[in-house]
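Everything below concerns the one structure shown next.
Nothing in this text is a laboratory measurement; each read-out follows from the coordinates by a stated rule. Quick caveat: nothing in here was measured; it's all calculated off a predicted structure. Neighbour counts are summed over all protein chains in view; Cβ atoms, including those assigned to glycine, are modelled from backbone coordinates with ideal geometry.
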Amino acid sequence: MQRDLRLIAVGRRYGIRGPWVLRGVDLTIAPGTLTRVEGANGTGKSTLLRLLARLDAPTEGRVTGRPRTAYVPERFPAALPFTPLGYLTHLGTVHGLSRPSATRAAGTWLERFGVAAHAGTPMARLSKGSSQKVAVAQALLGEPELLVLDEAWTGLDAAARAELERAVAERTAAGGAVVFVDHDPRRLAGAPDATYTVLDRGLKHRTEDGSPPAGPLALVAVRGPAGGGLPPDAARTVTSVQETGPGSYRLAVPVSHSDVLLRVLLTARPPWHVVSVTPPPEPPDPESRP
């Protein structure tokens, strides 16, 4: 994503005399950022996301910037005349991949979201959860510069929810932007760069977010150039940083983001040395209690 996407004095209503859903909205989405959108049902959250994805045009105001965008809707049309593998392969060729490359990429994402076993199943026969996994995979297939997620975690199992959080971290670490709506206030808690509430047809920027990071944390001990500081993408991923010596740090990172953090550190120039990774303690087994 080369430059900001901006909404400038944007309003949206349906029909010439319909009530305004949004009005006077100003919003900037910068490369490499994660933005959460909140609000009560019916306030216009989905309308805002569709404007950002350029699926809807504003009734007034303007939108500037055209990042390569992918969108996961709240409801995915599952009854498509494809199998998951065929659908994703077709979309991969639309994104400019050769057919063999598109097939490989499709297989990778189906595997990551745990739906590879259904790669050849007609999509009309998939469960709601499996259909949602395909919906998420199709959005990530083309490595979008802007990823827009409207309740994308709904219907996913725990493993797929964690995988989507990992993919979000990968997108922002790669310089893309992610905007999401989710009903669970713990979703990616502590991670967004900005949180906005849709209220009274406008946006209210929440300047303080005291939510603790969601999920278990891993501790990562690293060593790099003395006085150089953490790479910016690594600093964005972690929840806490403790400098233990010149160029040495102890980092706390959500487990779902740990792979991204390690990749950023090991591919930095000059590369960082990962001294140790301590996973979170296993939760006690209730069946082992006397």
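When +1 charges are put on Lys and Arg Cβ atoms and -1 charges on Asp and Glu Cβ atoms, the dipole computed for region 217-278 relative to its Cα centre reaches about 80 debye.
Charged side chains reduced to their Cβ positions (Lys and Arg at +1, Asp and Glu at -1) give the chain a dipole of some 900 debye around its Cα centre. If you look at the Cα atoms of region 1-53, you get an Rg and a Dmax of 12.3, 38 Å. Remark: region 48-206 is approximated by an ellipsoid whose semi-axes, taken from the C-alpha gyration tensor as √(5λ), come to 27, 18, 15 Å, largest first. Would you tally the net charge around Arg13, using a Cβ to Cβ cut-off of less than 14 Å, leaving Arg13 out, and scoring K and R as +1, D and E as -1? Once positives and negatives cancel, what remains is +3. Derived from the Cα gyration tensor, the three semi-axes of the equivalent ellipsoid of the chain are 32, 26, 20 Å, largest first. The ranking of Tyr14, Tyr71 from fewest to most other beta carbons within 10 Å of each one's beta carbon is Tyr14, Tyr71.
With N the number of residues in region 217-278, Rg(Cα) / (2.2 N^0.38 Å) evaluates to 0.96.
With a simple spin-label model that places each label point 7 Å from the Cα along the Cα-to-Cβ direction, the separation between Glu243 and Val255 comes to 3.1 nm. Ordered by the count of other Cβ atoms within 10 Å of each Cβ, fewest first, Arg171, Arg50 give Arg50, Arg171. On the basis of the beta-carbon distance and an R0 of 35 Å, Thr108 and Arg17 show a calculated FRET efficiency of 0.10. Annotation: Cα Rg of region 1-94 relative to the compact-globule expectation 2.2 N^0.38 Å equals 1.27. Computed over region 125-184, the P(r) tail beyond 19 angstrom holds 24 percent of alpha carbon pairs.
When the helix-only estimate is applied to the chain (DSSP H runs of n ≥ 4, each -39,500 (n - 2.57), divided by the residue count), what is the mean residue ellipticity at 222 nm, nearest 500 deg cm²/dmol?
-8000 deg cm²/dmol
Maximal additional length on extending the His95-Ala124 stretch stands at 8.0 nm, based on 0.36 nm per residue less the C-alpha distance. Using θ = phi - 60° in the Karplus curve 6.51 cos²θ - 1.76 cosθ + 1.60, the 3J(HN,Hα) couplings for region 271-276 round to x, 9, 9, 8, 6, 7 Hz; x is entered for Gly and Pro.
The residues neighbouring Arg68, those whose beta-carbon lies less than 13 Å from its own, together hold a net charge of +2 under the Lys/Arg +1, Asp/Glu -1 convention.
When Lys and Arg each count +1 and Asp and Glu each count -1, what net charge do the other residues less than 14 Å away from Arg201, Cβ to Cβ, add up to?
Here the count lands on +2.
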